[in-house]
Amino acid sequence: MNSAQPPFSQVKTVLVVLSSKATAFDHAGLRNLITHAYPGAVVFFISVSGDPVGVAAPSKVDLVIDFTEPGARQGKFFAVSMRNRGKYVVGRNAGWFYRKSRYDRVYEPTPEELGQDYLAGEIQAQKKVLLLAGVPVIRHGGVTQDLSNEIASTLPPLQSR
């Protein structure tokens with residue numbers, strides 16, 4: 001059970017709008033992160049154009065997580081339809097009708113974040129959107145220095161029989 005309360009209550013259905021250019025997590029990984037934050041929730045995925053990815057989502061959901069990146073090709077009223085579809089909506093400020101006025105929580109990158117490598121910036125943006133939705137993203141450990149030679153030299157010599 002999570003020690004911290006998620007920002008949205010009684011979330012049983014989640015709709016994730018996948019980015020069309022880069023994805024920081026695979027579907028199973030996203031589903032796992034979301035169900036840990038919202039136990040018992042059912043997660044559905046759609047593309048930026050609104051087409052279902054896998055099982056089709058119901059017409060109304062409790063939480064919409066929108067990873068749509070700036071410059072994505074989608075309908076003019078996509079943000080409005082996501083607002084009408086979800087009880088709570090979190091996403092990035094992108095598209096025709098800016099999400100800032102329509103969504104409950106919106107991630108806007110700082111100028112320093114925009115200057116990053118595109119893929120690194122996209123991964124960071126998706127993590128920030130997940131955090132706004134109350135889905136913690138745990139940083140994975142990196143590769144450590146190889147200490148096998150040093151460890152072997154500190155061990156006592158093998159005994160001969």
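Scanning the stretch 4-29 for residues that are aliphatic (A, V, I, L, M) and farther than 17 Å from Arg92 by Cα, we see that the one that is surrounded by the most Cβ atoms within 10 Å (Cβ to Cβ) is Val11. Within the stretch 67-84, identify whether any single residue is modelled with pLDDT of 85 or more and within 18 Å of Gly29 (Cβ to Cβ), and answer yes or no. Yes - at least one qualifying residue is present in the stretch 67-84.
Candidates are the residues of the stretch 1-18 that are over 11 Å from Ile65 (Cβ atoms) and within 16 Å of the chain's Cα centre (by Cα); the one that is modelled with the highest pLDDT is Thr13. Scan (1) under 19 Å from Tyr107 (Cα atoms); (2) at pLDDT 90 or above for the single condition Ala41 breaks and write down its number. That leaves (1) as the condition not met.
Take the residues in the stretch 115-153 that are of a type in the set (A, V, I, L, M) and more than 18 Å from the chain's Cα centre (by Cα); name whichever of them is modelled with the lowest pLDDT. Filtering the stretch 115-153 for residues that are of a type in the set (A, V, I, L, M) and more than 18 Å from the chain's Cα centre (by Cα), the one modelled with the lowest pLDDT comes out as Val143.
Within the stretch 82-102, identify whether any single residue is surrounded by 18 or more Cβ atoms within 10 Å (Cβ to Cβ), hydrophobic (A, V, I, L, M, F, W, C), closer than 17 Å to Pro7 by Cβ and in contact (Cβ under 8 Å) with a residue 60 or more places away in the chain, and answer yes or no. No: zero hits.
The values are calculated or read from the model by the stated rules, or taken from the named source; none is laboratory data. Note that the coordinates shown come from a computational prediction; the quantities given were computed from them, not determined experimentally. Quick reminder, even Gly has a Cβ in these numbers, built from the backbone with ideal geometry, and neighbours come from all protein chains shown.
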